[in-house]
Amino acid sequence: MKSLNEQIAALALEYVALKVPFQHRGMTRNGCDCTGLIVAICSELGFLSTFVLRQYKTDWNLHAGAGNRILEELDKVGHVISNSEAGIGDIAVMWMGRYPGHCGIIVNPGPVMVHLLKTERFCKKSVLKNSNWSKCWRATYRLDEEKLKQ
């Protein structure tokens, strides 16, 4: 049986193969955004019956501190690990300017993440190491199955 992290990564790769489109505040295979991807996948795995992260404006990352909601919600369902420990199924959090503003699911040890951006239109894979993303990748969370069940 696959571990939770392996299941998360496998579903994230399915979203890429299906070309799931970007949809602001979306949380399903019909469309999602970067945080909605995490919610959709965890929901498919039977977790996250309630998730508060959905309440934000289209330009939420432009408002001082608003992006901290990503970290607050991830603290409820996981714990911080160092970026050097990042493995498949972990959540990479990027800072856009001075605040957290984007996240993705690591799907291989490259590390490569699956994420959604409005400008890209569809779920895609991006390399984290030695890329533009590596400059803003400031936190990694490992989801905790026990916390997810609460």
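The values are calculated or read from the model by the stated rules, or taken from the named source; none is laboratory data. Here the structure is a predicted model, which is why all the values come from computation and not from measurement. All Cβ positions, even for glycine, are placed from backbone atoms using ideal geometry, and neighbour counts span all protein chains on display.
Results, tabulated for the structure shown:
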{"quantity": "Close pairs (7 angstrom Cβ cut-off, 6 or more residues apart or separate chains): touching a residue at least 60 places away in the same chain (Cβ under 8 Å) and more than 15 Å from Gly104 (Cβ to Cβ) in the stretch 1-30, outside any helix (DSSP H, G or I) and of a type in the set (A, V, I, L, M) anywhere", "calculated": "Leu4/Leu143; Glu6/Ile88; Gln7/Leu45"}
{"quantity": "Residue satisfying condition, being at pLDDT 85 or above and crowded, with 16+ Cβ neighbours inside 10 Å, within set Ala86, Ala66", "calculated": "Ala86"}
{"quantity": "Yes/no for Val93 being without any contact (Cβ under 8 Å) to a residue 60 or more places away in the chain and surrounded by 15 or more Cβ atoms within 10 Å (Cβ to Cβ)", "calculated": "yes"}
{"quantity": "Selection within the stretch 111-132 - loosely packed, with under 15 Cβ neighbours inside 10 Å and over 12 Å from Cys32 (Cα atoms)", "calculated": "Thr119, Glu120, Val127, Lys129, Asn130, Ser131, Asn132"}
{"quantity": "Evaluation of Ala12 against (1) modelled with pLDDT under 95; (2) touching a helix residue (DSSP H, G or I) at 6+ places or on another chain (Cβ under 7 Å) (one fails), failing number", "calculated": "(1)"}
{"quantity": "In the stretch 11-22, residue surrounded by the most Cβ atoms within 10 Å (Cβ to Cβ) [restricted to those that are assigned to a helix (DSSP H, G or I) and under 14 Å from the mean Cα position of the chain (by Cα)]", "calculated": "Ala12"}
{"quantity": "Qualifying residue in the stretch 134-146 (condition: surrounded by 14 or more Cβ atoms within 10 Å (Cβ to Cβ), modelled with pLDDT of 80 or more and within 17 Å of Tyr15 (Cβ to Cβ))", "calculated": "yes"}
